[in-house]
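The values are calculated or read from the model by the stated rules, or taken from the named source; none is laboratory data. These numbers were taken from a predicted model, which means no experiment stands behind them. Neighbour counts are summed over all protein chains in view; Cβ atoms, including those assigned to glycine, are modelled from backbone coordinates with ideal geometry.
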Amino acid sequence: MNIKTVLIAGALAALSVGAVAQTATPGANQRQSNQEKRIEAGEKSGALNATEANRLEKQQKIADNVEAKAKADGVVTKGERVKMHKVEKKTSKDIYKQKHDANTAN
């Protein structure tokens, strides 16, 4: 192998790592996982009735769709990250409100 081949291979490897990093959303993935656990815990404890839980799960699906749409072109832009954060924040607030309202499963 000559030096030119090694340099080209190294450059291609660096570019491919950069492309993967641009679509990575570990914070969003972790937040969605935590929110799903909060919904399940609310159902188990009786703090959420079936209607509330279904509504919150639909909101989680919307957040998943927003994330998938942002990743579809291979790059998650700052604007797309802001939109994902906004949707996740609203869902989080709604989970809190529903778990602490007067409606319960019991």
Exercise. Across segment 33-50, what is the number of residues that are surrounded by 19 or more Cβ atoms within 10 Å (Cβ to Cβ) and within 14 Å of the chain's Cα centre (by Cα)?
Worked result: 1
Exercise. Where in the chain are the helices (runs of 4 or more DSSP H), entirely inside, with at least 1 residues that are modelled with pLDDT under 85?
Worked result: 3-23, 26-45
Exercise. Are there any pairs, at least 6 apart or on different chains, whose C-beta atoms fall under 6 Å, with the first in segment 40-53 and closer than 8 Å to Ala105 by Cβ and the second assigned to a helix (DSSP H, G or I) and among the polar types (S, T, N, Q), and if so, which?
Worked result: Leu48/Gln98
Exercise. Among the residues of segment 51-106, which ones are among the acidic types (Asp, Glu) and either under 12 Å from the mean Cα position of the chain (by Cα) or surrounded by 13 or more Cβ atoms within 10 Å (Cβ to Cβ) (or both)?
Worked result: Glu52, Glu57, Asp64, Glu67, Glu80, Glu88, Asp94
